[in-house]
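> I'd like to ask some things about the structure below.
The values are calculated or read from the model by the stated rules, or taken from the named source; none is laboratory data. Model, not experiment: these values are computed from the prediction. Note that each Cβ is placed from the backbone with ideal geometry, even for glycine, and that neighbours are counted across all protein chains shown.
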Amino acid sequence: MQLDRELLWMICGIVALLALSSAITFLLKRRSGGGENKVIANLDARVKAWWVMVAVFAIAIATGGIGSVILFGLVSFFALREFITLTPTRAADHRTLFWVFFIVTPLQYYLVATHWYGLFAILIPVYAFILVPTRSAIAGDSAQFLERTAKIQWALMVCVYCVSHVPALLMLEIPGYEGQNGKLLLFFVLVVQISDVLQYVWGKLLGRHKIAPDISPNKTVEGFVGGVLSATGIGTALWWATPFNPWQAALLSLTVTLMGFFGGLVMSAIKRDRGVKDYGSMIEGHGGVMDRIDSICFAAPVFFHLVRYYFT
Amino acid sequence: MRRLTGAHFTGGICRARMNKPLVAWLIRLLSGVRPIPAELCPAGVAIYFANHSSHLDFLTIWAALPASVRARARPVAGRDYWEKTAMRRRIARNFFNAVLIERQHVTVATNPLEPMLAALDAGHSLIVFPEGTRSPDGRIHAFKSGLHHLARARPDVALVPVYLQDLSRILPKGDILPVPLIASLSVGAPLRFDPAEAKLDFLRRAQGAVEALSH
């Protein structure tokens, strides 16, 4: 693979941003003295975890297509693990879950890797939709049947179907942008994740009015507006790395940051319903994998289809 | 392709002298259980007693114990199950150093208490499941009296309640295919044995200590 100068610039920019965050965290820690400050300790853990996540992601993108497919396949697998653990299922669902984890999930990513768009788009909404209730019905337990089936199907849609649209960006054939889709993937993940980070930062600095206190106590109007606008600005400023012109980059960035916000809100509602604060504890400072990718879930399929409709 | 049987698998384990920290780490990775902090484990000999719903239960407790505690902890298991095949016997005896006890034809000669007391006297801790068998429905069933006999015979041994969650969802009774969910394990404060307490009250108290960890 030829070294892509633009890709390199993007990665350098991210590393610089992380270095800046580490420096700020270091200064905050020094200023707060020896006293234990929970917010700063959590910030410290978050920034450290970001270094690891960026390193893993950069390696995956650098290996070309297959690395990204494997990385997001693993992300789906771990997210699904957290989601199903949190969702009560019954013994009769055991074999259904075996299919979901070990057949449906790998198959979905196999379809991404082989660029089989036709089946990729319907495997889970059509075939898994039939498989899940059928296998559970064969196991012969009708208690809370619709509820159990719906929960498993939802888990598959959110953790596997939606997330698989991120590496699926690599299968889009955009005229004049051949062989450069890795940058599109990086652009999308960067805008959605930086929107999360900036909503957190703006919220901590200016946050007053809570948007949905019963669902996500940390989300404020100030954080939401500040985060979405500044992330859209960053997305617009990155138009040179994408197949879009600045206006298109701005509109798409605005759309994915809004979808990201909706995703975060809905995944929070599920957590509150189950009475937990985080989906897991795999990523220090952030919670589980699902806590980190909640905003990606809703944004990925929308971004994928907008780009596919207008640019291919 | 040659079919890889269980015998090959365990033969491999024994020949390669697979190291126990690695196996413990793998079990924790697969079950999602976090290591038990060392300060929750008594310094001396202890009996860890837990609810029982899956074959993975003893593996999980064994793997979650701090390495120094694990080195002298022995799971207690039913001889009828673990001596049925050469493979099971090798896993139980060679790798986990399990104390195998008679469950079906208990006579004076095969008194299940003897090997357990001998292990305690030799300075080993025990991992026991007082329900006697895996729960078929996920609920905690009445404790059998073995735990009381042990506690009365060795009143100084710490009795540590352990609650295991979601392991039966990973590998339920009667199934061989695991589903990779995240199990969790909670450890409670050690119980004190009171010679004045009636057997049934003691057993109910022990069961209650495990149940209390489930909330």
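> Taking B:ARG154 as the residue in question, decide whether it is more than 23 Å from B:LEU26 (Cβ to Cβ) and over 16 Å from the mean Cα position of the chain (by Cα).
Numbers: more than 23 Å from B:LEU26 (Cβ to Cβ): yes; over 16 Å from the mean Cα position of the chain (by Cα): yes.
Yes; evaluated as a whole, the condition is true for this residue.
> Does at least one position in the stretch B:50-64 carry a residue that is without any contact (Cβ under 8 Å) to a residue 40 or more places away in the chain, surrounded by 22 or more Cβ atoms within 10 Å (Cβ to Cβ) and among the aliphatic types (A, V, I, L, M)? It would help to see each step written out before you state the result.
Filtering the stretch B:50-64 down to residues without any contact (Cβ under 8 Å) to a residue 40 or more places away in the chain leaves B:59.
From what's left, surrounded by 22 or more Cβ atoms within 10 Å (Cβ to Cβ): B:59.
The next check asks that each one be among the aliphatic types (A, V, I, L, M); those that pass are B:59.
Yes: one or more hits.
> A follow-up question, please. Would you mind finding the one in B:PRO136, B:PRO112, B:PRO178 that is in contact with a helix residue (DSSP H, G or I) (Cβ under 6 Å, 6 or more places away or on another chain) and either surrounded by fewer than 19 Cβ atoms within 10 Å (Cβ to Cβ) or not aromatic (Phe, Trp, Tyr) (or both)? I'd like the intermediate steps shown before the answer.
Details: B:PRO136 fails: in contact with a helix residue (DSSP H, G or I) (Cβ under 6 Å, 6 or more places away or on another chain); B:PRO112 fails: in contact with a helix residue (DSSP H, G or I) (Cβ under 6 Å, 6 or more places away or on another chain).
Testing whether each residue is in contact with a helix residue (DSSP H, G or I) (Cβ under 6 Å, 6 or more places away or on another chain) and either surrounded by fewer than 19 Cβ atoms within 10 Å (Cβ to Cβ) or not aromatic (Phe, Trp, Tyr) (or both) leaves just B:PRO178.
> Give me the pairs, please: first residue somewhere in the stretch A:267-282 and within 14 Å of chain B (Cβ to nearest Cβ) and outside any loop (DSSP other than H, G, I, E, B), second residue anywhere and surrounded by 14 or more Cβ atoms within 10 Å (Cβ to Cβ) and not basic (Lys, Arg), beta-carbon distance under 7 Å, and either six or more positions apart or on two chains.
Final answer for the pair search is A:ARG274/A:LEU86.
> So, of the residues in the stretch B:29-49 that are aliphatic (A, V, I, L, M) and away from chain A (no Cβ under 14 Å), which turns out to be nearest to the chain's Cα centre (by Cα)? Step through it out loud before you land on a result.
Pass one, the stretch B:29-49, residues aliphatic (A, V, I, L, M): B:29-30, B:33, B:36, B:38, B:40, B:43, B:45-47.
Applying the additional criterion that residues be away from chain A (no Cβ under 14 Å) yields B:36, B:38, B:40, B:43, B:45-47.
Values: B:ILE36: 15, B:ALA38: 18, B:LEU40: 17, B:ALA43: 19, B:VAL45: 15, B:ALA46: 12, B:ILE47: 10 Å.
Only one residue fits best here, namely B:ILE47.
> Which condition breaks for A:VAL197 when tested against (1) surrounded by fewer than 23 Cβ atoms within 10 Å (Cβ to Cβ); (2) farther than 16 Å from A:VAL256 by Cα; (3) of a type in the set (Val, Ile, Thr)?
Evaluating A:VAL197 over (1) surrounded by fewer than 23 Cβ atoms within 10 Å (Cβ to Cβ); (2) farther than 16 Å from A:VAL256 by Cα; (3) of a type in the set (Val, Ile, Thr) leaves (2) as the failure.
> From the list B:LEU113, B:LEU56, B:LEU100, which one is of a type in the set (A, V, I, L, M, F, W, C) and within 16 Å of B:SER186 (Cα to Cα)? Even if it seems obvious, please write down each step before you answer.
Details: B:LEU113 fails: within 16 Å of B:SER186 (Cα to Cα); B:LEU100 fails: within 16 Å of B:SER186 (Cα to Cα).
Just one listed residue meets the conditions, B:LEU56.
> Return the only residue of B:PHE95, B:PHE129 being buried (at least 20 other Cβ atoms within 10 Å of the Cβ) and of a type in the set (Phe, Trp, Tyr). Show your work before the answer.
Numbers: B:PHE95 fails: buried (at least 20 other Cβ atoms within 10 Å of the Cβ).
Answer to the selection: B:PHE129.
> Confirm whether B:SER186 is among the small types (Gly, Ala, Ser), buried (at least 16 other Cβ atoms within 10 Å of the Cβ), away from chain A (no Cβ under 14 Å) and outside any loop (DSSP other than H, G, I, E, B).
Working: among the small types (Gly, Ala, Ser): yes; buried (at least 16 other Cβ atoms within 10 Å of the Cβ): yes; away from chain A (no Cβ under 14 Å): yes; outside any loop (DSSP other than H, G, I, E, B): yes.
Taking the combined requirement at face value, the residue satisfies it.
> What is the number of the single condition among (1) more than 16 Å from the chain's Cα centre (by Cα); (2) free of Cβ contacts under 8 Å to residues at least 40 places away in the same chain that A:VAL197 does not meet?
With respect to (1) more than 16 Å from the chain's Cα centre (by Cα); (2) free of Cβ contacts under 8 Å to residues at least 40 places away in the same chain, A:VAL197 is out only on (1).
> Specify which of the listed residues (B:ARG93, B:ARG103, B:ARG70, B:ARG88) is closer than 11 Å to B:ILE127 by Cα and free of Cβ contacts under 8 Å to residues at least 60 places away in the same chain. It would help to see each step written out before you state the result.
Details: B:ARG93 fails: closer than 11 Å to B:ILE127 by Cα; B:ARG103 fails: closer than 11 Å to B:ILE127 by Cα; B:ARG88 fails: closer than 11 Å to B:ILE127 by Cα.
On inspection, the qualifying residue turns out to be B:ARG70.
> Considering only residues that are under 17 Å from A:ALA231 (Cα atoms) and aliphatic (A, V, I, L, M), which ones fall in the stretch A:193-214?
A:ILE194, A:VAL197, A:LEU198, A:VAL201, A:LEU205, A:LEU206, listed by residue number.
> Looking only at residues that are more than 20 Å from the chain's Cα centre (by Cα) and of a type in the set (Ser, Thr, Tyr) in the stretch A:92-139, which one is nearest to A:ALA60 (Cα to Cα)?
Looking at residues that are more than 20 Å from the chain's Cα centre (by Cα) and of a type in the set (Ser, Thr, Tyr), I get A:THR114.
> Then there's this: Exactly one condition in (1) away from chain A (no Cβ under 14 Å); (2) free of Cβ contacts under 8 Å to residues at least 60 places away in the same chain is not met by B:THR133; state its number.
(2) is the only condition that B:THR133 fails.
> Can you report the number of residues in the stretch B:138-169 which are more than 14 Å from chain A (Cβ to nearest Cβ) and hydroxyl-bearing (Ser, Thr, Tyr)?
The total comes to 2.
Table: residues versus (1) surrounded by fewer than 21 Cβ atoms within 10 Å (Cβ to Cβ); (2) modelled with pLDDT of 95 or more.
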| residue | (1), (2) |
| --- | --- |
| A:ALA60 | no, no |
| A:GLY64 | yes, no |
| A:ARG90 | yes, no |
| A:LEU119 | yes, yes |
| A:VAL132 | no, yes |
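> Looking at this structure, is A:LEU229 within 30 Å of A:THR87 (Cβ to Cβ), surrounded by fewer than 19 Cβ atoms within 10 Å (Cβ to Cβ) and more than 14 Å from chain B (Cβ to nearest Cβ)?
Working: within 30 Å of A:THR87 (Cβ to Cβ): no; surrounded by fewer than 19 Cβ atoms within 10 Å (Cβ to Cβ): yes; more than 14 Å from chain B (Cβ to nearest Cβ): yes.
Criteria not met by A:LEU229.
> Let me ask something else about it. For the stretch A:68-138, list the helices (runs of 4 or more DSSP H) that sit wholly inside it and hold at least 1 residues that are in contact (Cβ under 8 Å) with a residue 24 or more places away in the chain, away from every other protein chain (no Cβ under 14 Å) and touching a Phe, Trp or Tyr at 6+ places or on another chain (Cβ under 7 Å); which are they? Outline the logic, then answer.
On the way: elements: A:94-99, A:105-113, A:117-120, A:129-138.
Correct list: A:105-113, A:129-138.
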